[in-house]
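Shown next, in structure tokens, is the structure this report addresses.
The values are calculated or read from the model by the stated rules, or taken from the named source; none is laboratory data. Predicted model, so just to flag it, every value in this text is computed and none were measured. Cβ placement follows ideal geometry from the backbone for every residue including glycine, while neighbour counts extend to all protein chains displayed.
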Amino acid sequence: MTHLLIQVCGARGSGRSLERINVDLPSSDNTNWGTSVSPNNATPGKVNSITPKDYDLTISEINLSPSPPIQNTDLTATVTTANIGINQANSFTVELYNDVNFDSTPQPGELINSFELTNLASGDSVSQEFELGSFTAGDLQLIAVVEFNQDEDNTNNQLVEEFIINEPPPPFNSIVINEIMYAPSSGEPEWVEIYNRSDRNLRSRLVGNLPMQLIPR
């Protein structure tokens, strides 16, 4: 097979090429084209990055429950692995790491657990739960990795997700609407006064997408 690269001068955009998905489907089919997902932004002289491989597993998402995560509450992470290859994946391993040094690199000492899974059909996905235990308030970074010996594309075998572990919310009715200016004088804005009845400081200074002005008492 011969690849012919035609340079088009003057083009500007995202820096990523438009790739054909399947060489056997017509060029006029707009569903047969997509943006390159190659780390190099394009694949001249190589198999297109969005062309399905015979064997290709990817980590598609990491979710935490309960959500939002609260400190000192036992958490469960759910890692979803998808088979985007043409053939069934008969045997593979899914691993989850607590990236304690936030370097986005899984290390043996950071391994939470791993599971051997089998028989994932093409186009299907599987979710695996990991019991994490509890954490103090702050940032938590998790790395999910799928190990598959036959995988032809290892660039999508790892996913890094950062989560915020929240402090427990204040008791019900700790923050109340205290006053409403619904009919201001001409030229003056409408406003709502929110009163914090608790002994905790507000971390958010927004109501919806509107900034708040703090008025100490």
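Against the numbered list (1) farther than 30 Å from Thr136 by Cα; (2) β-branched (Val, Ile, Thr); (3) in contact with a Ser or Thr (Cβ under 6 Å, 6 or more places away or on another chain); (4) assigned to a strand (DSSP E or B), Thr78 comes up short only at (1). Of the residues making up segment 117-152, those that are more than 30 Å from Asp54 (Cβ to Cβ) and crowded, with 18+ Cβ neighbours inside 10 Å are Leu132, Phe135, Leu140. Can you tell me which residue is modelled with the lowest pLDDT among those in segment 153-178 that are in a loop (DSSP other than H, G, I, E, B) and surrounded by 14 or more Cβ atoms within 10 Å (Cβ to Cβ)? Only one residue tops the list, namely Pro170.
Taken over segment 121-133, the criterion of being out of contact with any strand residue (DSSP E or B) (no Cβ under 6 Å at 6 or more places or on another chain) and either over 16 Å from Leu96 (Cβ atoms) or at pLDDT below 95 (or both) is satisfied by Ala121, Gly123.
Picking from residues in segment 40-61 that are more than 20 Å from the chain's Cα centre (by Cα) and hydrophobic (A, V, I, L, M, F, W, C), the one that is modelled with the highest pLDDT is Ala42. Screening Pro68 with (1) outside any helix (DSSP H, G or I); (2) modelled with pLDDT of 95 or more; (3) surrounded by fewer than 14 Cβ atoms within 10 Å (Cβ to Cβ) gives one miss only, at (2). Specify the residue that is surrounded by the most Cβ atoms within 10 Å (Cβ to Cβ); the eligible residues are those in segment 40-65 that are within 26 Å of Thr93 (Cα to Cα) and in contact with an Asp or Glu (Cβ under 7 Å, 6 or more places away or on another chain). Here the answer is Leu57. Listed by first and then second residue, the pairs linking a residue in segment 45-62 that is over 27 Å from Leu142 (Cβ atoms) and in contact (Cβ under 8 Å) with a residue 12 or more places away in the chain to a residue that is buried (at least 21 other Cβ atoms within 10 Å of the Cβ) and small (Gly, Ala, Ser), with Cβ atoms under 7 Å apart and 6 or more places separating them unless they lie on different chains, are Pro52/Gly85; Asp54/Gly85. Of the residues in segment 71-98, how many are crowded, with 19+ Cβ neighbours inside 10 Å and either among the aromatic types (Phe, Trp, Tyr) or out of contact with any strand residue (DSSP E or B) (no Cβ under 9 Å at 6 or more places or on another chain) (or both)? Within segment 71-98, residues that are crowded, with 19+ Cβ neighbours inside 10 Å and either among the aromatic types (Phe, Trp, Tyr) or out of contact with any strand residue (DSSP E or B) (no Cβ under 9 Å at 6 or more places or on another chain) (or both) number 2.
In segment 19-27, the count of residues that are at pLDDT below 95 and either touching a His at 6+ places or on another chain (Cβ under 9 Å) or under 26 Å from Glu162 (Cβ atoms) (or both) is zero.
Residues that are more than 21 Å from Asn63 (Cβ to Cβ) and either within 20 Å of the chain's Cα centre (by Cα) or not in a strand (DSSP E or B) (or both) are absent from segment 92-100.
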